[in-house]
Structure formats: structure tokens, C-alpha cells
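Engineer: My questions will all concern the structure given below.
The values are calculated or read from the model by the stated rules, or taken from the named source; none is laboratory data. Note that the coordinates shown come from a computational prediction; the quantities given were computed from them, not determined experimentally. Positions of Cβ are generated from backbone atoms using ideal geometry, with glycine treated the same way; all protein chains shown enter the neighbour counts. These area figures cover heavy atoms from the full protein model, side chains too; ligands, DNA and RNA do not enter into them. Shrake-Rupley method; radii C 1.70, N 1.55, O 1.52, S 1.80 Å.
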Amino acid sequence: VKRGAVMRDNSERALLVQTKQTYAALAEALPEAKQSLGDGSTATFGETFTLDGFSCKDVCIGDVFKSSHSALTIQVSSPRYACMRVDKRHPLKPQVPSGAMGTMRHFVNGTGLGGVFFRVLTPGDAGEGDSLSLVQRLHPKWTLKYLSGLLFPIAAKSCLSPTWNGSDDELRELSDLDELAFWDWKDIIRNLIEQGVQGINEAALSGDGSLQHVG
């Protein structure tokens, strides 16, 4: 981003960010994509800008970052749910339908590595060389990796149809999480609730063998 670019949009998807650490993680996990990924100096995920210092999967819904240069303050609203354009830019298996297991789209949607959407809380300008500091973490449980894995698990054959791999309480918690973006996330979660999707019976994972925890 050139110096003087002013960030004002307070929508859920005002800024799309990738990080150098995320590019490195993708190149390590998917060696066949190294050429299309590059070193992170060129935006290949449609990001507004690229940051250095953290991996996308490790930030949390609601995290607030403040600029060192201006009043700019931004908040994490959601992971980026990748569309077919990601597979066109990074064609791991051209013969496989977009979003199917083995594609870049499938991988990043299940790991939270597709990028981070931010809303702008306080407008300000931004440019190369600025630093952003984490000043507030509201929901440490809800990393982008954890959230993505619950809805679009890597083990699923496709990321085109969300599933639910968490508990009922978690499903409802996300539905009411103010900081989570509605688009692509809260709308999907509320649809799952309306469809009567059942969360995982956590007691069934305890191995206590009781009849009430079977099935």
C-alpha cells in the first residue's frame, strides 16, 4: 500500500490481509504451489496488503490492531472464504473441481490460511513500513484456524458445503458473536441452526462407555 492510502470503510470486509508467514506456511504444506505463491512480495490472493509478523491462522475473531503511524485501528471480522479464483491462481490439480479435496481453495478454507478480513474501527492512512500492534484480544478461543476447521474440515471431500464439527454451545456462541462477520460465516452458522444441525456430543468423546453417551 502506498503511503497516503486512507482506510475508511467500516464494513465487515473493508480490508483483506495476507502475511508473509502465511505464504511460507502454504509453500511448506503445498510444495507444488511454491511457484505460484512466490515469496509473499506479490499479492496472489487478492489482498489489500501483506503484513509480516504473524500467520493468518493464529489471529482471533475480534482482535484489534492499531497502526504505529496513524489513527488507523482495525478489527478481525472473519477468515477469508476463498472462491474459485484462488484455484485459478494456484491450480494444484487442474483436473479436480474447484473446492474439492486437493485444491488450494479446499486447503485454505479448512485451515484459515486464505487471508483475514478486517473492519476499520478508526480511519487512518497506511503505507509500507508501518507496523500494527495487537491492542485487544476479545475471543482467544476463536482463532481463524479453529473456526475454519469446524465449518470446512480438511477431511471433508469438498469445502462447497459447510459441515459442523463443534458442539451445540459453540454453534450458538458463534451465532451471537458480535465481532464475527455475517457474510460467509454468521449467515452459514445461522442456516445450520435453522436446519437443525446437531453439534458433537462432547461426552461421547470422553470414552466413559455409558449408554447415554453412545451414538
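Engineer: For the chain, what does -39500 (n - 2.57) per DSSP helix run (n ≥ 4), summed and divided by total residues, give at 222 nm, in deg cm²/dmol to the nearest 500?
Structural biologist: Computed mean residue ellipticity for the chain: -6000 deg cm²/dmol.
Engineer: Express in whole angstrom the spacing between the alpha-carbon centres of the range 124-154 and the range 40-57.
Structural biologist: One Cα centre to the other: 12 Å.
Engineer: Then there's this: Suppose every K and R has +1 on its Cβ and every D and E has -1 on its Cβ; what is the size of the dipole of the range 39-85 about the Cα centre, in Debye to the nearest 20?
Structural biologist: 180
Engineer: Additional query: When a/c reaches 1.5 or more, the comparison of a/b and b/c decides; with that in mind, is the range 36-185 rounded, prolate or oblate per its Cα gyration tensor?
Structural biologist: It is oblate, given that a/c is not under 1.5 and a/b is not larger than b/c.
Engineer: Follow-up question, since we're still on this one. From the convex hull of the Cα coordinates of the range 26-121, what is the mean projected area in square nanometres?
Structural biologist: Mean projected area of the Cα convex hull: 6.4 nm².
Engineer: Want the number for Ser68 to Ser41: 0.36 nm per residue separation, take away the alpha-carbon distance, what's left?
Structural biologist: 7.6 nm
Engineer: Could you work out how far apart the two model spin labels at Glu28 and Lys157 are, taking each label as a point 7 Å from the Cα in the direction of the beta carbon, and quote it in nm?
Structural biologist: So the two model labels end up 3.2 nm from each other.
Engineer: Pairs Lys66/Lys93; Lys20/Lys66; Lys34/Lys66; Lys88/Lys141; Lys34/Lys157: which are spaced more than 29 Å apart, C-alpha to C-alpha?
Structural biologist: Over 29 Å apart, Cα to Cα: Lys66/Lys93; Lys34/Lys66; Lys88/Lys141.
Engineer: Select from His106, Leu147, Phe45 the residue farthest towards the positive end of the dipole of the chain; place +1 on Cβ of Lys and Arg, -1 on Cβ of Asp and Glu, and compute about the Cα centre.
Structural biologist: Toward the positive end, the furthest listed residue is Phe45.
Engineer: Go through 42-55, 18-31 and give me the packing order, highest mean Cβ count within 10 Å leading.
Structural biologist: 18-31, 42-55
Engineer: Follow-up question, since we're still on this one. Report the semi-axes of the equivalent ellipsoid for the range 59-110 in whole Å, largest first, where each axis is √(5λ) for an eigenvalue λ of the Cα gyration tensor.
Structural biologist: Rounded to whole Å, the semi-axes are 32, 12, 7.
Engineer: Next question, about the same structure. Residues in the range 147-171 near a label at Met101, defined as backbone nitrogen under 17 Å from the 7 Å Cα→Cβ point?
Structural biologist: Answer for this model: 149-165.
Engineer: How compact and how long is the range 36-77, expressed as Rg and Dmax of its alpha-carbon atoms in Å?
Structural biologist: Taking only Cα atoms of the range 36-77, I get Rg and Dmax of 12.1, 35 Å.
Engineer: Related question: Mind checking the dipole of the range 74-182: about its Cα centre, +1 per Lys or Arg Cβ, -1 per Asp or Glu Cβ, Debye to the nearest 20?
Structural biologist: 640
Engineer: To the nearest 20 debye, what is the magnitude of the charge dipole of the chain about its Cα centre, counting +1 on the Cβ of each Lys and Arg and -1 on the Cβ of each Asp and Glu?
Structural biologist: 740
Engineer: Compute the accessible area per residue over the range 2-106, keeping the other protein chains in place, probe 1.4 Å, unit Å².
Structural biologist: Counting only protein heavy atoms, the per-residue value for the range 2-106 is 47 Å².
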